[in-house]
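**Q** What follows is a structure written as structure tokens; I'll ask about it next.
The values are calculated or read from the model by the stated rules, or taken from the named source; none is laboratory data. Worth saying up front: this structure is predicted, and the values here are computed from it rather than measured. Using ideal geometry, Cβ is built from the backbone for each residue, glycine included, and neighbour counts are taken over all protein chains shown.
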């Protein structure tokens, strides 16, 4: 693939409707490129940004209160030492999975339909990881010392403790964040050059010029770009699997019933992809509607995402089933109690809500109607997002609140500041997302352009 | 600052002085300065320049004194440190002094650990008969009272700051005015006392002012015990149980290991024998009680009865023993009575019936008859001269005082360490009567409810700032010696009384010495020094007096108990009658049975709650006669039905910022006619009260947490404690670490544990454990490093109650260690799981991964870093933790290190066997906790861990804990059909602990 060999893809024929039939090279560039270059401040966009920015202030306030008062402002206690912070961390990291999966794995698998949504998903990934990254740092009792988790030479002569899954988390998440940012940025360069060339405004020309790193679109540039993309995709691919595997180790490596489970790594990865695709759809459906990009992000994209959700949702459902089965099959009373407590204990409603959201709801996706009806699908993705959050809540809280010694059992009640921090990260996420949409091309123009002639050749069918 | 207060407070004369120059001209200042700085003052006196320099120096030192606790000083008089410790002060090494703490007139011997004379920690005096090395929480927490920032520090007259000299002057005027009428109109109110010096002083007052009256008020008194002896023997006698000689003990509503004076000794005598497996020497413990107590937890058989039924039950026992007593009217558990009677008869001289102080005198008298009948009188139950003197009924004494006050006969009332405005029975309306007294003087450690309405308030010393004397339950006297000079401008009750006795000259030291000079034979100085050193005055125990029983006692039938709902008033296990309500350790300490912290409640049984339509935390109106108080309900399995038990001592209105307003005031419905149990009603309101309970779940869920069997079952199945472990492989990938040197371990004998909380309080004091407050406890964030879990097995209505102290298990395969990302919790070379506070960043992963949940996290800055006075109490060998770090039991590593250093200094290779005691172990009256070197075959802990009773809690997790438990054994009477609790716990693991009586969330 690539512009030098546009049509010869080893006998591979791109599936239909990747790009709407009416699109041309020019129209693609204009439609996408004009969003960041438009001189107008769009009112709805501004309203969205202000709303998100307002929520961001709640995040700052929550952090300030947390750091001055201590972790006690949250509802944590002994035995529930982890609560919303870790739930939210895992949730955001999970959401961050779609981007890399789409751009890396689907790139290697030459799934061209990914092109329309890759950029957006990658951006979403980075913002989600940024939100996720806040939690492990801030949930520590002394966040100002959290850098002790990094292996760096120091006068204390201390290394971190490499056996701890939290230590692995540091590497996994920071590597993932780094690769995601680099991959995303490298992918942006050709489009940044396009914007530089099309910009009328001095400032924009200067900014995009700086960011495009002197891209001229020469054959050598394209060659290097392709190689770099492939290398980065190769690097990112194991990360898609490793990050959530390691996040799942935070639980699976412990002795706590409900955490100590071998099915966790695959089930967490599937869950992450599941929630990632759900979030991609949640965001991209309004986005393409608002900017009229239905011809670029077509029904085919939407359907494919829905199918990935269905597949991963089934893996997740299998995971839930295995948790219950193994708890029973192992004959360990603590495991079985954990299951009965999840299903019938004080947090039972969370468990059943999770089953409803994550196991029952995605079954609608077997039907073409639900995969293609934008409103129904959009609602469904929100339900799945809630379900995935509930899943992490159930795993973290219900396992801890009643573990081995009944004498220590207790309840976890989230406080205002638990919610404040969670909602505040939405502020951060959407602020970044709104800025991204307005400042950078949310869809890879050059990649869509690649698809246009291909599409035109099949024109009559459309 | 405090020292400065203390001394400038004495500088009475110029009320307004404008400069230090002017101040320095007063004779008081001259006296003070010459005593304090003899040389400098001499110079200053003789030249103007020297004088100025001296004042500069003074200014600087006054300023410096405000900066720190540097002002803590040794008392002026000679005090004598205890045994092994160095005789002189060595900075960095603690010095111990023997003294005593008093409650209800009885003293318990303690050894006060001091660091540069700062008292920081107490332990029981092993040579004291009522301590024998053990110490209950109330005594343990006394050390905090010294440093209590809310202590009263200033003499007040009508609310304004005043001075001791003004007080003395005014009291002397009172004496002068009353001298013509021989002191009529002067009244004293004190608690019960056994202090020879106090008695001598009162005798002197009586001789000087024969018309002055001394009243005694004690909300929780033992008068029924004295009155019972009078009915049985014709005179007041002290009843003392020699449980070391007993083989069958029947506790009849006595709480003899908790509330009853001598409780520590009782616990030691009954439960220490359970540390060896010579079952013939174990005494069988029957407990019949309305509310579960620590005694009930240790019982072999426990029967739920109403308090009012105790007399009938004892009568049934007496009849079964062949005594001719009237047939009881109330119906009792005949099978239980017969079995107890048969067992008592078999025990003969070793049979003891312990009757509760709240039971009517008739029941006490009947017990004496039983003891006489069985030959136990004079052997396992002895009588001596009363320890408390004079023997008066405090209720009658207070009633007399109130009527005198109402009649206008009281002109000056001196109240010494009493708070009757709060704790007098409601029907006496003490406060109203008190307002008719023209001159009211209150002496006490706090500006309490009574101080608030008194003309004079004299702050009193804490227990470790004053000289005094007190007797134990067997009469053995202890000289209370101070370990530091008073921190504030405080004075002792003795000093106040001495104004009236005319013994104005000298100090308390002189007064106490004078008392004992008259009493001690031989070389006084030598005996005195020895008494101070040992903490007991030799040969002061009372001789046994065993008069003949008056046969008439068999005729008297005890009065029937109240009908309907029986409301019982019992002293609080932590706050007692309310006097400890200013102590945050005791406020926060979870109560032994209910596990409530920072509150009291109306305790009812599950079926009574159901009958009345009540749930835990419902607020009810508790109505007794025409009085009412609002209180929350707590449903407690093991309670007798139709009984509502309320703990006294809560609901203080003026107990400082910490104690005021916690819980509800049960005195509001207590009457002087029926102060112990009475009929009452509960009326539900539609409100709930949030209660802080540290243990919501009380089922073991068939998890084998407390393993138990009868002694017979153990004889036939010695491996019963390991039955459920048989199939579990103990696999590990690693070669086990071999510990060359010491290998520390702990074993807790569940048969000897009754859940008394002594270990928890001792740990708090030793390890600088902060208090977090009710809100934080309710959220599940209490900080105690050792907790005592309480489980029930068997039917909810009549469960078997067991306790299990849980410390850090120091697992060999510690789950916490592998998950800490920063190496903040690591395994030490002697097997300790160590916590490095400085390194901790607070991920709390270690706590999540701890199966025992023994780790505690500083969610906020719990330790008070800013209150200067609290710093005095802190153990300098233990870090005061900051916000955001994890902490947990360390096996008192500071004590291990001290011993290690000492051994190295002495050139020894190993620390001597069993020479280290952890704080919890030291405090435990039962000696249930053993600690030592598992590598040392002679160590107690090593021997205990080898017995088949030793099992690891959650051993199936392969954590290989260092702390093990010895399974609980019940020394059951086969006649009483009680299934073995081991079986019962098996069959009662209901899912999710959702039993109907399951406590609240």
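**Q** Within the bounds of region A:41-62, is there any residue that is out of contact with any helix residue (DSSP H, G or I) (no Cβ under 8 Å at 6 or more places or on another chain), more than 29 Å from residue A:384 (Cβ to Cβ), modelled with pLDDT under 80 and assigned to a loop (DSSP other than H, G, I, E, B)?
**A** Within region A:41-62, not a single residue is out of contact with any helix residue (DSSP H, G or I) (no Cβ under 8 Å at 6 or more places or on another chain), more than 29 Å from residue A:384 (Cβ to Cβ), modelled with pLDDT under 80 and assigned to a loop (DSSP other than H, G, I, E, B).
**Q** Based on this model, can you work out whether residue A:410 counts as outside any helix (DSSP H, G or I), within 14 Å of another protein chain (Cβ to nearest Cβ) and buried (at least 20 other Cβ atoms within 10 Å of the Cβ)?
**A** yes
**Q** Applying the selection to region B:616-635, what residues are modelled with pLDDT of 95 or more and part of a loop (DSSP other than H, G, I, E, B)?
**A** none
**Q** Ok, one more. So residue B:494 passes all but one of these: (1) free of Cβ contacts under 8 Å to residues at least 24 places away in the same chain; (2) closer than 28 Å to residue B:114 by Cα. Which condition number does it fail?
**A** Evaluating residue B:494 over (1) free of Cβ contacts under 8 Å to residues at least 24 places away in the same chain; (2) closer than 28 Å to residue B:114 by Cα leaves (1) as the failure.
**Q** Of the residues B:638, B:613, which single one is in a loop (DSSP other than H, G, I, E, B), surrounded by fewer than 23 Cβ atoms within 10 Å (Cβ to Cβ), touching a strand residue (DSSP E or B) at 6+ places or on another chain (Cβ under 7 Å) and on the phi > 0 side of the Ramachandran plot?
**A** Testing whether each residue is in a loop (DSSP other than H, G, I, E, B), surrounded by fewer than 23 Cβ atoms within 10 Å (Cβ to Cβ), touching a strand residue (DSSP E or B) at 6+ places or on another chain (Cβ under 7 Å) and on the phi > 0 side of the Ramachandran plot leaves just B:613.
**Q** Please verify whether residue B:321 is within 13 Å of residue B:353 (Cβ to Cβ) and in contact with a strand residue (DSSP E or B) (Cβ under 7 Å, 6 or more places away or on another chain), treating the condition exactly as stated.
**A** no
**Q** Identify the residue in region B:656-689 that is farther than 30 Å from residue B:799 by Cβ and in contact with a helix residue (DSSP H, G or I) (Cβ under 8 Å, 6 or more places away or on another chain) and, among all such residues, is surrounded by the fewest Cβ atoms within 10 Å (Cβ to Cβ).
**A** Here the residue is B:673.
**Q** Related question: Does region A:168-180 contain any residue that is over 27 Å from residue B:823 (Cα atoms) and modelled with pLDDT under 95?
**A** So far as region A:168-180 goes, yes, one or more of its residues are over 27 Å from residue B:823 (Cα atoms) and modelled with pLDDT under 95.
**Q** Additional query: If you scan region A:158-203, which residues turn out to be out of contact with any helix residue (DSSP H, G or I) (no Cβ under 7 Å at 6 or more places or on another chain), part of a helix (DSSP H, G or I) and either within 14 Å of chain B (Cβ to nearest Cβ) or touching a residue at least 40 places away in the same chain (Cβ under 8 Å) (or both)?
**A** Within region A:158-203, A:171, A:174, A:188 qualify.
**Q** Scanning for something assigned to a loop (DSSP other than H, G, I, E, B) and surrounded by fewer than 17 Cβ atoms within 10 Å (Cβ to Cβ), does region A:110-126 turn up at least one residue?
**A** yes
**Q** Does region B:713-728 contain at least one residue that is part of a loop (DSSP other than H, G, I, E, B), within 36 Å of the chain's Cα centre (by Cα) and within 14 Å of chain A (Cβ to nearest Cβ)?
**A** Within region B:713-728, not a single residue is part of a loop (DSSP other than H, G, I, E, B), within 36 Å of the chain's Cα centre (by Cα) and within 14 Å of chain A (Cβ to nearest Cβ).
**Q** Looking for whichever is touching a residue at least 12 places away in the same chain (Cβ under 8 Å), within 30 Å of residue B:811 (Cβ to Cβ), within 25 Å of the chain's Cα centre (by Cα) and in a helix (DSSP H, G or I) here; the options are A:261, A:245. Which one fits?
**A** One residue alone meets the criteria, A:245.
**Q** Residue A:133 - would you say it is away from every other protein chain (no Cβ under 14 Å), surrounded by 24 or more Cβ atoms within 10 Å (Cβ to Cβ) and out of contact with any strand residue (DSSP E or B) (no Cβ under 8 Å at 6 or more places or on another chain)?
**A** Considered against the rule, which asks whether it is away from every other protein chain (no Cβ under 14 Å), surrounded by 24 or more Cβ atoms within 10 Å (Cβ to Cβ) and out of contact with any strand residue (DSSP E or B) (no Cβ under 8 Å at 6 or more places or on another chain), residue A:133 comes out as no.
**Q** Tell me, please, whether a residue that is farther than 28 Å from residue B:714 by Cβ and buried (at least 24 other Cβ atoms within 10 Å of the Cβ) can be found in region B:242-251.
**A** no
**Q** Hey, another quick one. Scan region B:945-963 and give yes if some residue there is surrounded by fewer than 17 Cβ atoms within 10 Å (Cβ to Cβ) and in contact with a strand residue (DSSP E or B) (Cβ under 8 Å, 6 or more places away or on another chain), otherwise no.
**A** Yes, region B:945-963 contains at least one residue that is surrounded by fewer than 17 Cβ atoms within 10 Å (Cβ to Cβ) and in contact with a strand residue (DSSP E or B) (Cβ under 8 Å, 6 or more places away or on another chain).
**Q** Can you spot a residue in region A:79-86 that is crowded, with 24+ Cβ neighbours inside 10 Å, modelled with pLDDT of 90 or more, touching a strand residue (DSSP E or B) at 6+ places or on another chain (Cβ under 9 Å) and within 12 Å of chain B (Cβ to nearest Cβ)?
**A** Checked region A:79-86: at least one residue is crowded, with 24+ Cβ neighbours inside 10 Å, modelled with pLDDT of 90 or more, touching a strand residue (DSSP E or B) at 6+ places or on another chain (Cβ under 9 Å) and within 12 Å of chain B (Cβ to nearest Cβ).
**Q** From the list A:323, A:391, which one is on the phi < 0 side of the Ramachandran plot and buried (at least 22 other Cβ atoms within 10 Å of the Cβ)?
**A** Criteria check complete, one pass: A:391.
**Q** All but one of (1) part of a strand (DSSP E or B); (2) within 30 Å of residue B:179 (Cα to Cα) hold for residue B:479, so report the exception by its number.
**A** (2)
**Q** Has region B:957-973 got any residue that is closer than 30 Å to residue B:136 by Cβ, at pLDDT below 90 and within 14 Å of chain A (Cβ to nearest Cβ)?
**A** Looking for residues that are closer than 30 Å to residue B:136 by Cβ, at pLDDT below 90 and within 14 Å of chain A (Cβ to nearest Cβ), one finds none in region B:957-973, hence no.
**Q** I need the full set of residues from region A:413-432 which are in contact with a helix residue (DSSP H, G or I) (Cβ under 8 Å, 6 or more places away or on another chain) and either at pLDDT below 95 or within 14 Å of another protein chain (Cβ to nearest Cβ) (or both), in order please.
**A** The answer is A:414, A:415, A:417, A:418.
**Q** Just checking, which of B:351, B:445, B:372, B:377 is more than 19 Å from residue B:221 (Cα to Cα), buried (at least 20 other Cβ atoms within 10 Å of the Cβ) and out of contact with any strand residue (DSSP E or B) (no Cβ under 8 Å at 6 or more places or on another chain)?
**A** Answer to the selection: B:372.
**Q** Within region B:541-551, identify whether any single residue is over 30 Å from residue B:355 (Cβ atoms), touching a strand residue (DSSP E or B) at 6+ places or on another chain (Cβ under 6 Å) and surrounded by 15 or more Cβ atoms within 10 Å (Cβ to Cβ), and answer yes or no.
**A** No, region B:541-551 has no match at all.
**Q** Just the residues that are surrounded by fewer than 20 Cβ atoms within 10 Å (Cβ to Cβ) and outside any loop (DSSP other than H, G, I, E, B), please, taken from region A:340-354.
**A** Answer for region A:340-354, where residues must be surrounded by fewer than 20 Cβ atoms within 10 Å (Cβ to Cβ) and outside any loop (DSSP other than H, G, I, E, B): A:340, A:343, A:344, A:348, A:349, A:350, A:352, A:353.
**Q** Would you confirm whether or not region A:395-402 contains a residue that is within 14 Å of another protein chain (Cβ to nearest Cβ) and not in a helix (DSSP H, G or I)?
**A** Looking through region A:395-402, at least one residue is within 14 Å of another protein chain (Cβ to nearest Cβ) and not in a helix (DSSP H, G or I).
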